[in-house]
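To start, the structure under review is shown below, and the notes come after it.
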Amino acid sequence: MHALDISNTSRIIPNMKAYEEAEPFRVLQKIGADGMAFTSSDTERAEAELLGLLEDLPPGTLLPIDFTGVRISSEAARQLLRRALLRVAGGELVDRYLVLGDLDVSQYNVEIMLDGEALTAVERSEEGPQLRGRVDPAVRATYEFLLTNQTATASKLLTELRLSNISTATNRLSNLARLGLARRVEQRPVPGGGREYVYAAIK
Amino acid sequence: MLRLRSPIDLLLLDYSSTSALEAQVTGHKRSGSLEWIRAEAFSLDNEQWHSALCRVLSHFGLCGETSRVSPEIAVLDWSRTEICSAEGLAFFAVLVQRLTSIGVTVVACDAGLSDVSLVLETSGARAMTQTKRWISETHEARNSVETLVPLALSAAGTTNGIGSFCNSLNDSLVALGAPKKCRQAVVGTVIDLIQNVKSHSQAQYAAATALLLSRKRPKIIQIGIADDGLGIPNTVLSQPLHQWLAWFPDASLTEVVLDQGLSSRESQSGGGSAHLIRRLVSEVRSRVIIRTGGALISFDSDAPSKFMKRNLSPGLGTQVRLEVCL
């Protein structure tokens, strides 16, 4: 098992705004000592705390959810994560981000839940950041492009992924941001007029 | 001939061997005051045997309908069985607890094969039933099955012990060198199956165990889960919206539950475990057999998108076997 990066580290991207990483939300501390979460009632309290915490976090904060030592069923995972992910993706919790960490055995059940609920989340796995759940191929390709390139603009995406037009590239990036999988880290002028956003992956 | 009308009469019997006991109680089997249950029937390998077991359990009022007087004594006989499956062993543990809870005197006969006898010992099955009478047997040597994770038993909706079962199963799979993907799929599926027992079955007792079929190449592990709850068909029918399905046989109803994700939840969203099982058989070389109520459903990696269904006599609760090639 690998440990999560811990607490209040800023992910500084040169010349751009950083996002703050909050202290991990440790699921084990919110459920029974044996780390088992079978039913939705086993994670009800944890969900309430998670939603409260997300509301209290300042914008631009990334909250890692640490599953170290936890074995969770898909029903308990649904109770714990569904509303939080929907609020992030639905714009109710603006500019807050979630990543899942150290899922280990729980990865299977969490992925089943995400797939069943048509949700997508980032997992910090041993192989690096991975998208879990129901992932549209375009979303995956765009996210992986951002991971490889650190940051990207629509014009860069248009060129590198050979997309048909700039609107497609812009939509891909804004969709990724809407899902809570990427963040706008800079706005800058473009030659010939107008402005463009620079995006970075949530990881 | 002795009349076995009260438990105290049991003291007069000769318990030196299974055959000696059987010879003494033949008349009482006919009169219905005693049921002799062969342990082969606990397994889902032989549908006819298992159906016969379900009919016998109806005599105790545990499933189906019966007009007979409930027997006072149950003899659970492992002496002639060559089969020791994980779901059968889990069902044995559940059955002993359930029969005892309704006032039936349980007598168990040890296995005639050394490996099955050892599994009964190392799985904790014998200790779990230590207050009941065990009849010893002479053992014929065999070495084809062993305990991987001992029995975990829970009572009345708790999961005490079953949580540590999941952890032990995970550790055992690591020790056997199972790939991470396989381990995640197997443990994840087991966790969701136990969640179903806890959330939906209304079971008094549930048990889980894992066995290793060590002589098979590649090695095979069997994970068995059993409960004495309502079963999938009755659980779904408890949701008023689905009550019109009551006319369908259990196998058809279970098929719809697994295929369409019907649930006893009011939200109607369900079927997570079915999705999980299909994914397991798709990703890991495995077979899953479910007997719930009177339905027998099996999934196999050879055709992951399909499943086979059979109708059996209505049975007690649900039994699941996960068989995984390592």
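Please treat every number below as a calculation from the coordinates, not as lab data. Quantities reported herein were computed from a predicted structural model and do not represent experimental measurements. Reconstructed Cβ throughout: ideal geometry from the backbone, glycine too, with neighbour counts over all protein chains shown.
Things worth noting here:
- Average partner coverage of B:191-200, which counts Cβ from other chains inside 10 Å: 6
- Taking a ≥ b ≥ c as the square roots of the eigenvalues of the alpha carbon gyration tensor, chain B is oblate, as a/c is not under 1.5 and a/b does not beat b/c.
- Mean Cβ count within 10 Å, highest first, over the residues of peptides A:147-157, B:241-251, A:171-181: A:171-181, A:147-157, B:241-251
- The calculated FRET efficiency for B:Thr100 paired with B:Ala156, based on their beta-carbon distance and R0 = 25 Å, is about 0.95.
- Residue mean of other protein chain beta carbons inside 10 Å, A:96-108: 3
- Take each residue of peptide B:224-231, count the partner chain Cβ atoms within 10 Å of its Cβ, and average: the result is 0.
- Packing-based exposure ordering (other Cβ within 10 Å, fewest first) of B:Met128, B:Met308: B:Met308, B:Met128
- Global geometry of the protein assembly as shown, whether rounded, prolate or oblate, following the gyration tensor of its Cα atoms and the 1.5 cut on a/c: prolate
- Separation of the A:Glu92 and B:Gln48 label points, Cα + 7 Å toward Cβ, nm: 5.9 nm
- Cα-based Rg of chain A normalised by 2.2 N^0.38 Å, two decimals: 1.04
- Here the 3J(HN,Hα) profile of segment B:179-190, calculated from phi with Karplus coefficients 6.51, -1.76 and 1.60 at θ = phi - 60°, is x, 4, 4, 5, 4, 4, 5, 5, 5, x, 5, 4 Hz, Gly and Pro shown as x.
- Among the lysines of chain B, pairs at least eight places apart or on separate chains and with Cα atoms under 30 Å apart come to 17.
- Shape call, segment A:51-152: gyration tensor on alpha carbons, a/c limit 1.5: rounded
- Bridges between two residues of the protein assembly as shown, per DSSP, are antiparallel at a rate of about 65%.
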